[in-house]
Amino acid sequence: MLIKKTLKNNAQMGKTIKEKIVDFAKELGFPLLGVAHSSHLSELSERLHHWIEAGYFGDMHYLNREARLRLDPAYLLPTAKSVISLAMPYLYTHPGSTPPSENTLYGRVSVYAWGSDYHNVIRKKLNRLTQFIQEQYPKKHLQVRSFVDATPLLERAFAERAGLGFIGKNTSLITLEYGAWVFLAELLVNIELEPDLNIFADCSDCNRCVKACPTGALLEPYVLDARRCISYHTIENRNNPIPDTVKEKMGNWVFGCDVCHIACPYNTYVVKTQESAFLPKPFLKDGWLSLRTILEFRSEKEFKSFFAGSPIRRVGWRGLQRNAAIVAGNLNARSLRPLLLSLRRDTRDIPMLTDAIDYALDKL
Ligand code: B12
Ligand code: SF4
Ligand code: SF4
C-alpha cells in the first residue's frame, strides 16, 4: 500500500499543475478535460441573439433573460481567467429500437436519463476537484466556481473552445472518443492555465441528423427550434399541452429524444461509460418504461418515490402521464383504453392531460 502510494507520488512529481488536475479529473471519472480562455464568446453573439429574437427558446424564459450572461464567464466570476471544461461519458449501451418484450407496452427514454440524475453525480465530483485544485495553490487566494447544466453559460461552446470536441449540426458537442454521449461541466478559476487547442474535426458534408429529426426541429444546421423539439416538449414543457404537430411525431418517446444522436456516425463506435451511477435504473428495461406503470401512478408522492434520484422526475407526475397517453395513442395501445378513460375522469381540470388523453382515445 505504502509502496503504491510512494510510486504514485513520484510519478506526480515533475508534472505541471494542469497535468495533475487532468490526472485527478480522470480518477474522478472525467476522462476529458480542456482549458479555454475565459474571454467573451463574441464570435457567437450574433447567432445567439438571432436564436433568442426568433423565440426558439419556447417557454424556457431563463434562456432569454440570461442571454448576455451565457456568452461571458465574467458575469459568473468577475476575476475568471480560465474555463476548465469537463466531459463525463454516459452511454452504457447503445439504445435498441425495439422494446424488450411484445407483451408490455413501453415508452422510450433518452439514454441520458437511464441512470441517476447527472446533476447530483457530477456536482459531488466537481466539489472534490475544486478542493484538489485549491490544494495545488496553498499560497494563492484562489477563486473557483463550478457549474453543471443549470448555468447561464454556453457550456457546449466553451467545451469546443477548450478542445473537448466540436459542435455538430444537431448543436451537440461531439467528442472523438465518446461521441456526443457526454455530459458537460465547468470550473471557472482566477488563474491562467495553459489553454488547449481546438480539435480538427467537423460534420463535413454529413446532414444525417437534420434529415432524421422527426419534427424538423433542426431548422437548418446548428439551429434548433425548441418549440418543435420532442426533447423539449417531453422534458421541459411541463404544464402545457403538446402541440398537435409534435404529438404524432413523438412516436414512442416518453421522456427525451435521441433521434439526432442515434443518426450521427460519430456516436456509433464510442467508448462506453465507466460510471456505475449511469447504469439503467431497475425500472427501465434497456431504456424502456412501461406505459401502464406511468398511467397508474395515483399521486405525486408515489411518482416521486418511484423515480427517486432519476432525472425523469423533472417532467412531473402529470407531465409524464401526458407523454405516456400520447405514446399510447401512437402505439395504438387498445389494452390501455380503460385506464385512459378512468384517468380522463379523474383529471378533467388538467387541460394538458385531457388534451393528450383525447388524442389517444381518438386514435384507439
Ligand atoms: C436549454 C437546453 C436544452 C433545450 C434546447 C437545446 C438547444 N440545442 O439549445 C432542449 C430541452 C431541447 C435540450 C435538449 C437536449 N439536451 Co440540453 N441543454 C440545454 C441547456 C440548459 C442550455 C443550452 C442553450 O444555451 N441553448 C441555447 C442555444 C442558442 O445554445 P446552444 O445549444 O449552445 O447552441 C448554439 C451554439 O452551439 C452555437 N454554436 C456554438 N459553436 C458553434 C460553432 C459553429 C461552427 C456553429 C455554426 C455554431 C456554433 O450555435 C447554436 C445555435 O445558436 C444546456 C446546458 C448549458 N448551460 O449550456 C443543456 C445541454 C446542452 N443539454 C444536453 C443534453 C445531453 C441534451 C439532450 C441530448 C437530452 C436528450 N436526449 O433529450 C438533448 C439534445 C438535443 C439537441 N440536439 O440539442 C447537454 C449536451 C451535451 C453535449 N454533448 O452536447 C448540455 C450541455 C447539458 C450538460 N451539462 O451536459 N437541451
Ligand atoms: S432531440 Fe429529437 S426532436 Fe429534438 S432536434 Fe434532436 S431529433 Fe429533433
Ligand atoms: S449526424 Fe452528421 S451532420 Fe449531424 S452532428 Fe453528426 S456528423 Fe454532424
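The values are calculated or read from the model by the stated rules, or taken from the named source; none is laboratory data. What you are looking at is a predicted structure, and each value in this text was computed from that prediction instead of being measured. Note that each Cβ is placed from the backbone with ideal geometry, even for glycine, and that neighbours are counted across all protein chains shown.
If the requirement is being surrounded by fewer than 17 Cβ atoms within 10 Å (Cβ to Cβ), of a type outside the set (Val, Ile, Thr), modelled with pLDDT of 95 or more and within 12 Å of ligand 1 (Cβ to nearest atom), which of these qualifies: 54, 113, 87?
Step by step, each of 54, 113, 87 is checked, and only 54 is surrounded by fewer than 17 Cβ atoms within 10 Å (Cβ to Cβ), of a type outside the set (Val, Ile, Thr), modelled with pLDDT of 95 or more and within 12 Å of ligand 1 (Cβ to nearest atom).
Name the residue, out of 81, 169, that is more than 11 Å from ligand 1 (Cβ to nearest atom) and on the phi < 0 side of the Ramachandran plot.
81
Every residue, every condition in (1) over 15 Å from residue 293 (Cβ atoms); (2) surrounded by fewer than 22 Cβ atoms within 10 Å (Cβ to Cβ), yes or no:
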position	(1), (2)
304	no, yes
320	no, no
323	no, no
329	yes, no
339	no, yes
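Going by the structure shown, is residue 187 surrounded by 23 or more Cβ atoms within 10 Å (Cβ to Cβ), out of contact with any Pro (no Cβ under 7 Å at 6 or more places or on another chain) and in a strand (DSSP E or B)?
Yes: the conditions hold for residue 187.
When region 165-179 is examined, which residues are found to be closer than 20 Å to residue 217 by Cβ and more than 9 Å from ligand 3 (Cβ to nearest atom)?
Residue satisfying the conditions is 173 alone.
Given the criteria under 30 Å from residue 326 (Cβ atoms), at pLDDT below 95 and within 13 Å of ligand 1 (Cβ to nearest atom), does residue 95 qualify?
So residue 95 passes the test.
Cβ-Cβ below 7 Å, separation at least six or inter-chain, first residue in region 173-186 and more than 14 Å from residue 121 (Cα to Cα), second of a type in the set (Lys, Arg) and within 8 Å of ligand 1 (Cβ to nearest atom): which pairs?
From residues that are more than 14 Å from residue 121 (Cα to Cα), the pairs are 173/156.
Mind telling me which of the residues 162, 180, 226 ends up being of a type in the set (A, V, I, L, M) and more than 8 Å from ligand 1 (Cβ to nearest atom)?
On inspection, the qualifying residue turns out to be 162.
Can you tell me which residue in region 98-118 is nearest to residue 282 (Cα to Cα), limited to those that are touching a helix residue (DSSP H, G or I) at 6+ places or on another chain (Cβ under 8 Å) and among the hydroxyl-bearing types (Ser, Thr, Tyr)?
Checking each candidate, the answer is 116.
Yes or no, residue by residue, for (1) within 15 Å of ligand 2 (Cβ to nearest atom); (2) surrounded by fewer than 16 Cβ atoms within 10 Å (Cβ to Cβ); (3) in contact (Cβ under 8 Å) with a residue 12 or more places away in the chain; (4) aliphatic (A, V, I, L, M):
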residue: 197; (1), (2), (3), (4): no, yes, yes, yes
residue: 204; (1), (2), (3), (4): no, yes, no, no
residue: 225; (1), (2), (3), (4): yes, no, yes, no
residue: 245; (1), (2), (3), (4): yes, yes, yes, no
